[in-house]
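Take a look at the structure set out below.
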Amino acid sequence: MDKHFAKFANATAKATGSPAAFLLCVAAVVIWAATGPVFKFSETWQLVINTGTTIVTFLMVFLIQNTQNRDGTAIQTKLDELIRTSDAEDEFMGIEKLTDRELELLHRKCKRAASNSARLLKQAEAERHSRHAKAAAKPALAPARTSSAKPSAAARTRPRRAQA
């Protein structure tokens, strides 16, 4: 039963959320409005549109709610799996079942952690900037050459001794 209803709800939600369905509803309202003079804008004429829209709205509420519940559960399951397989704290799994107070406490904890991370990042950036400024202030020491002559071929081919 659940599978059949889920298929029906998904198909109905997809169909009723389409541009064609919207245009069909607009056409129905235009036709209904155009028939007003024919029926002399009677109470029955008004009752037709009121009853029709009420029934459709009533049924659609349940279909939309079912689709949203399923989508919400699927998203939470995916998020829980990402949390489970990552370095994130497992305490975040299933938080959609917490009370409002518990969620608020967890939210405050996350805000504190984010503020702390931002502060540490700002300190690291200031330190990096300070180091760059110090490096720029020091004069660059270029190796001094005593002669402009190139080393001889024998000197270039001699193996170097390892320094102790």
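Miscellaneous remarks
- Within the stretch 1-42, trypsin sites (Lys or Arg not before Pro) in DSSP loop having at most 13 other beta-carbon neighbours inside 10 Å: LYS40
- Local net charge near ASN69, Cβ-Cβ under 13 Å (Lys/Arg +1, Asp/Glu -1): -2
- The stretch 2-90, Rg to Rh (Cα coordinates; Rh as Kirkwood inverse mean 1/r): 1.26
- Within the shell defined by Cβ-Cβ distances under 15 Å, the residues around ARG101 carry a net charge of -1, with Lys and Arg each +1 and Asp and Glu each -1.
- A viscosity of 0.692 mPa s and a temperature of 37 °C, combined with the Kirkwood radius over C-alpha pairs in the Stokes-Einstein formula, give the stretch 1-153 a diffusion coefficient of 138 µm²/s.
- In plain terms, the chain from ARG70 to ARG131 could stretch by 16.6 nm, reckoned as 0.36 nm per residue minus the Cα-Cα distance.
- Computed from point charges on the beta carbon alone (+1 for Lys and Arg, -1 for Asp and Glu), the dipole magnitude for the stretch 1-74 about its Cα centre is near 160 Debye.
- Efficiency of FRET between VAL26 and LYS78 - r from beta-carbon atoms, R0 41 angstrom, step 0.05: 0.65
Bear in mind these aren't lab numbers, they're just calculated from the coordinates by the rules spelled out. A quick note: this is a predicted structure, and the numbers were derived from the prediction, not measured. Virtual Cβ from ideal backbone geometry, glycine too; neighbours counted across all protein chains shown.
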